[in-house]
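Before any comments, here is the structure.
The values are calculated or read from the model by the stated rules, or taken from the named source; none is laboratory data. Just so we're clear, the structure is a prediction, and the values are computed from it rather than from any experiment. All Cβ positions, even for glycine, are placed from backbone atoms using ideal geometry, and neighbour counts span all protein chains on display. Note: accessible area is taken over every heavy atom of the protein model, side chains too, but ligands, DNA and RNA are not part of it. Shrake-Rupley method; radii C 1.70, N 1.55, O 1.52, S 1.80 Å.
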There are 4 protein chains.
Amino acid sequence: MSTDATPQLRADARRNRDRIINAARVVFAERGPEVPMEEIARAAGVGTGTLYRRFPDRDSLIRAVGQHVFGRVLDEARAIAARESDPWRALTEFLLTATDMHTVLRLSMHSPRAREVLGADPELTQVRGELLSILDSMVRAAQESGALRADVSSGDIAMILSIVLQGVRDVPDDVRREAPARYLTLVLDGLQARPGTPLPGRPVTAEDISMARVYTAD
Amino acid sequence: MSTDATPQLRADARRNRDRIINAARVVFAERGPEVPMEEIARAAGVGTGTLYRRFPDRDSLIRAVGQHVFGRVLDEARAIAARESDPWRALTEFLLTATDMHTVLRLSMHSPRAREVLGADPELTQVRGELLSILDSMVRAAQESGALRADVSSGDIAMILSIVLQGVRDVPDDVRREAPARYLTLVLDGLQARPGTPLPGRPVTAEDISMARVYTAD
Amino acid sequence: MSTDATPQLRADARRNRDRIINAARVVFAERGPEVPMEEIARAAGVGTGTLYRRFPDRDSLIRAVGQHVFGRVLDEARAIAARESDPWRALTEFLLTATDMHTVLRLSMHSPRAREVLGADPELTQVRGELLSILDSMVRAAQESGALRADVSSGDIAMILSIVLQGVRDVPDDVRREAPARYLTLVLDGLQARPGTPLPGRPVTAEDISMARVYTAD
Amino acid sequence: MSTDATPQLRADARRNRDRIINAARVVFAERGPEVPMEEIARAAGVGTGTLYRRFPDRDSLIRAVGQHVFGRVLDEARAIAARESDPWRALTEFLLTATDMHTVLRLSMHSPRAREVLGADPELTQVRGELLSILDSMVRAAQESGALRADVSSGDIAMILSIVLQGVRDVPDDVRREAPARYLTLVLDGLQARPGTPLPGRPVTAEDISMARVYTAD
DNA sequence: TATGAATGAGTCTTCATTCAT
DNA sequence: AATGAATGAAGACTCATTCAT
């Protein structure tokens, strides 16, 4: 975990904090970010009072969940960048790994409320920046190696990832589980097209989306 | 418009109904499907009493918006099917047209609540069925013509469409406007790959998603 | 009534507004300014929703009660100033009238909360300013006529009034009812003492208490 | 100190108890008697657990503060009665001393809650009784000596004291500090008026206020 | 014993829906 | 028929008090 803003905490309090974040992650995913706080408390096995002691309001809980998840993605991105020398494989692996890891986030973060809150969090903004910077390196390397078409930029990739991560619902379980990887693979084929169909619009750079929430396309 | 559940209505009442649906479409898009009803009434320029006379509760308003938008997509799909003889062009055009037409819907329908309501509406279910059937014909024809790779099915296409329609936020205006067409084009390149990378999972058929809400991947 | 910030209101809404202010005046007096809002609503014979529609939070209700009561005192002060030519009688009458009229306020306004809220209200600040200015004229005239000792100023009078208006509790009803007039009369005797005992401290002017809440000494 | 309900206590526990009472006295004065218990604990430099070990609930803490302060007034009253032979000077000195000593109490005790709790405490009732009895002697002696007007009784004096002790706020510091002595002096001048203006109401006796809380006119 | 974490009842406040005007 | 006021149930949040560390 890359981010950790809570220095010292009694062992039991620490444990509760973790349980709450995990419960919130799951419950937000299932019921949206407006679920009654009591539901989250119940899922975490604590009283509402404990929930509020740890997170003084809903927004701060949303922030904590966001930081938790983004921190994990960042760790993963760093590991892949360090380990994988082939540029196309690094990019591919990163996208698929992120997909695999964060089925959750794509569900958690759908709401104007969540977007606003996360967008205003400086800690999260920084993590997102680092993530984009790693992605940018991967994209450039893959283009230099000739594996990736030239008319896209790292912002495009981030957006595609975020879009695909939205996921689908109300389909058979196996379909839902496979969907992100399946459609990401399809897009990756499109990204290798040489020459591909001319793309409408212009390449979207990392700067373009520095104001965006990478994984929260909506 | 294909669907219309409210046959006779005085002219002014009719006008109110339309204003409300349009206001709701916009306000749902901007503020999510949980906006206070009063806000919708205000946007429509009517009192809450009038809103409730026309739509007895929030769900019925959500349904009406859904029917309105789906109806327009269906009309368009029929027109394209009738007009376009080249299968790949028909498919492409349909997807891009749907993209263009429904920036709105993708914003409106993100919530467990909306999903449930729309999923339970028989009228909407039927429209969706017709839409899927048209899409299915287009997909088969495109595969027979050799333009479309064989390891996907019409359910895949519907899901991809629904995913891309989710759209993005917090990016420059031109980027947001172009995003659906841009990434759909990219996917279409992937869909033409011969041979493409083997896709994980299995083809998703129209049956698979008959329980799904095509445009509400969330 | 001197202050009225609420222009047009449907007849029934107006009636409810008045009932709420009156109920709040009484209930604040009896139970302090932290009574559950529901209690006030019940006393006014309305639902909590109505209460909140009219006064979006507790503070705005406190403000409304304060304005209501102060407005009535101001009206009375003006009437006395216009009617009474003898300076000492004017002062005396004003103090006793205020006493008589506002048994209520002295009970309503005891709390840091109430003080803060009322102190921050510009409308109320202005009414208080006018009141002080009228009182100041009365005090100067009474001193010029020789009826009032010279070592006090209008701020002193306002403070004394506010102190006496605090009232007492847990005493027989007749005692409580008479207390303000009785002790004010006693003070008035002290105010006529020529020469009186030298007073510790210095005369308190209207400026000194322009930051104070005249009737809310604590 | 006249009253002490907690005989044996380890030195450090004793120290904690005192710190808590003093902190409560101050914090009640500043923030009213409904301040969160945690705030009092913090001001005393202890944990809430310690606070509750010493005082099982808020009421018992209010009682302890009341006993503490009243005890000190009683000690003072006894000393004055023993030391001062001139009746008017004894009365005057007592009133001004009480004023000087208890700026605090007048702030602490403004709330229905506090009143009720203190009124129900037998220990406090007894202290108050002794205090009234001393005051009664002083009043009678002063009237017999001719220094004090005859149309008042000891209950009046107690009430006046309690009223003046309420104090004022939001005025310059020097004014607030001097206010009780200044206005008590004014009243004392009124109390010497021979003949004074006829007072409305009737003399208030010690019996009349035996149910009252001397210092808690509110 | 001192601490501060956990609990949950009590209030405040919002807003979907009903109803008087 | 249209309006906007009234209602009250639902959910957020606070804090007195209890309890594990």
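Here are a few things to note about the model shown:
Results for (1) open to solvent by 10 Å² or more (accessible area, probe 1.4 Å); (2) facing another protein chain (nearest Cβ under 8 Å); (3) closer than 19 Å to A:Arg72 by Cα; (4) at pLDDT below 85, shown as yes or no for each residue.
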| residue | (1), (2), (3), (4) |
| --- | --- |
| A:Gly119 | yes, yes, yes, yes |
| A:Val139 | no, no, no, no |
| A:Gln143 | yes, no, no, no |
| A:Ala147 | yes, no, no, no |
| A:Ser154 | no, no, no, no |
| A:Gly190 | no, yes, no, no |
| A:Thr197 | yes, yes, no, no |
| A:Arg202 | yes, yes, no, no |
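- Out of C:Ser60, C:Ser85, one residue alone is at pLDDT 90 or above, closer than 30 Å to C:Arg149 by Cβ and polar (S, T, N, Q). It is C:Ser85.
- So A:Asp75, is it open to solvent by 20 Å² or more (accessible area, probe 1.4 Å) and away from DNA strand E (no atom under 16 Å from the Cβ): yes
- Top-ranked residue in region C:157-176 [being touching a residue at least 12 places away in the same chain (Cβ under 8 Å) and not hydrophobic (A, V, I, L, M, F, W, C); ranked as nearest to the other protein chains (Cβ to nearest Cβ)]: C:Gln166
- Residue in region D:134-152 that is within 16 Å of the chain's Cα centre (by Cα) and under 23 Å from C:Gly201 (Cβ atoms) present: no
- Enumeration of residues in region C:35-60 that are more than 10 Å from DNA strand F (Cβ to nearest atom), assigned to a loop (DSSP other than H, G, I, E, B) and surrounded by fewer than 20 Cβ atoms within 10 Å (Cβ to Cβ): C:Val35, C:Pro36, C:Pro56, C:Asp57
- Pairs meeting the criteria (first residue in region C:45-70 and without any contact (Cβ under 8 Å) to a residue 24 or more places away in the chain and not assigned by TED's automatic domain parsing to the domain that holds C:Asp121, second residue part of a helix (DSSP H, G or I) and open to solvent by 50 Å² or more (accessible area, probe 1.4 Å), beta carbons under 7 Å, at least 6 apart or on different chains) are C:Thr48/C:Glu38.
- Taking the criterion of being of a type in the set (Phe, Trp, Tyr) and more than 9 Å from DNA strand E (Cβ to nearest atom), the only residue of region B:13-62 that qualifies is B:Phe28.
- Taking the conditions (1) more than 7 Å from every other protein chain (Cβ to nearest Cβ); (2) modelled with pLDDT of 90 or more in turn, C:Thr185 satisfies each one other than (1).
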